[in-house]
Amino acid sequence: MENIFNIGKIKYEGVSSTNPFAFKHYNPTEIINGKPMKDHLKFALSYWHTLCGDGTDMFGRGTMDKSFGGKTPMEIYKNKVYAAFELMDKLDIEYFCFHDRDIAPEGETLEECNKNIDEIVALIKELMKKYNKKLLWGTANCFNNPRYAHGAGTSCEADVFAYAAGQIKKAIDVTIELGGTGYVFWGGREGYETLLNTNMGLELDNMARLMKMAVEYARKQGFKGDFYIEPKPKEPTKHQYDFDVATAIGFLRKYGLDKDFKMNIEANHATLAGHTFQHELRVARENTMFGSIDANQGDLLLGWDTDQFPTNVYDSAMCMYEVLKAGGFTNGGLNFDAKTRRQSMTPEDIFLAYIAGMDTFALGLKIADKIIKDGRIDEFVKERYQSFTTGIGLKIVNGETSMEELAEYAAKMGDVTTKKSGKQEYLESVVNQIMFGA
Ligand code: XLS
Ligand code: CA
Ligand code: CA
């Protein structure tokens, strides 16, 4: 199957172009700070939204047909594969990410599910080769099937836990088979609705047990990539255990999983947790836990996960600033975990949405690089903490002082006030100047 989408390859035409089907900022081979844009950004297509999401919401059925002309379940899922690779090829997206249940129809038994997966994986492999595309990460959908109503790794039923383990084992096998460099745990229903029925201690211990077994199994199979936790505070459960980056890091350290796991940070999940996207990235970076990104944006007037394509350049610039400061992506990348709106129901909208997202991050990268090269922000921060580089400040940093010595030091000073300005307004204007010119 070829040319499902009656649209040609998307090319870079530059900022003066008004062609909707062209990149205005994303120029894959353009060198930014010694590296081509495409290697800085490592764009990935999200299989679930792009090939499966049909616009269904709580109040209405789908508005988009994602069967791609297929009639039987197998035919539909095979056509999804052709559509996926055509999109990646035409949009110049090098990577993709999937859940096990996105790529193949669910069978009655685990065995039947796995058989369906194997049939599709053979086709995916063939097209990966043909189009030279790569798997960024794989994961298991342990939240859709009714058996996971109480969670998977945190279910109150041991049989459900075991089934989830079986499903995850296969998802790991497939990730390895396709050369994926990451495996994601997103705790879809790993949380609770009410503490009245919940043994939180056992649930968290069990989740860690599942992750530990998954790591042991994958490493035994030769998997060298990263495991990721993808934090989210709520939805579908009232409270998800992986609330935010800080909570997830605490969990990983408690159970000794911090060497194998990093963070997959989603913008919309950050805002649901009451943080900025940049905050979550910064917390991960400061803890050397930065791994991968699910790029999207929410709507601050709505309290749920809208998974919109990212178009906010200020946010993408701050994101790429953190990515550059973290030393860039290694095994991770930038997955567009985003869907076109229910009203944007035409196949062209998929192209327009990806173009918008990719251009937004290309712009963000260029701006972030300029902010770092400009140096005023970094210089300001450095100067702000100057007092910790000499005298008593240096002693504090080096752990060479005590409460007694500090009390004595303080007593000699009389009143102490701070005269340093935080200069937030000035710093924000510097960013604006870099973004929009003098
Ligand atoms: C849902 C999550 C999910 C993960 C992968 O909110 O974003 O799609 O990225 O399971
Ligand atoms: Ca996500
Ligand atoms: Ca989301």
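The values are calculated or read from the model by the stated rules, or taken from the named source; none is laboratory data. Remember, it's a predicted structure, so these values are computed and weren't measured experimentally. Reconstructed Cβ throughout: ideal geometry from the backbone, glycine too, with neighbour counts over all protein chains shown. The protein model used for the area step is the full one, side chains on, heavy atoms only, and it has no ligands, DNA or RNA in it. Shrake-Rupley method; radii C 1.70, N 1.55, O 1.52, S 1.80 Å.
When the pairs Lys38/Lys130; Lys11/Lys125; Lys38/Lys90 are compared against a 22 Å limit on Cα-Cα distance, Lys11/Lys125 fall above it.
Between helix 347-374 and the chain there is an angle of about 20 degrees, using the helix long axis and the longest principal axis of the Cα atoms. In the chain, helical runs assigned H by DSSP with n ≥ 4 each contribute -39500 (n - 2.57); averaged across all residues and rounded to the nearest 500, the mean residue ellipticity at 222 nm is -14000 deg cm²/dmol. When the surface is traced with a 1.4 Å probe over the full set of protein chains, Glu425 keeps roughly 140 Å² accessible. A dipole drawn for the chain from +1 and -1 charges on Cβ atoms has a positive end, and of Pro105, Ala246, Leu45 the residue lying farthest that way is Leu45.
At the residue level, Cys113 shows approximately 0 square angstrom of accessible surface with a 1.4 angstrom probe and all protein chains present.
Once a ≥ b ≥ c are taken as the square roots of the eigenvalues of the Cα gyration tensor of the chain, is the result rounded (a/c under 1.5), prolate (a/b larger than b/c) or oblate (a/b not larger than b/c)? In terms of gyration-tensor shape, oblate.
Can you tell me what share of the DSSP beta bridges in the chain is antiparallel? A percent to the nearest 5 is fine.
Details: 6 of 34 bridges.
Close to 20 percent.
Candidate cross-link partners of Lys234 among the lysines, defined by an alpha-carbon separation under 17 Å and a same-chain spacing of 8 or more, are absent.
Averaging the Cα positions of each part gives two centres, and for region 132-159 and region 303-369 these lie 25 Å apart.
Between helix 313-325 and the chain there is an angle of about 70 degrees, using the helix long axis and the longest principal axis of the Cα atoms. Measuring with a 1.4 angstrom probe and ignoring ligands and nucleic acids, Lys170 comes out at about 30 Å² accessible.
Taking the longest Cα principal axis of the chain as reference, the axis of helix 424-436 is set at about 50 degrees.
Straight Cα distances below 16 angstrom link Lys66 to the lysines Lys78, Lys80, Lys339, with same-chain residues fewer than 8 positions distant left out.
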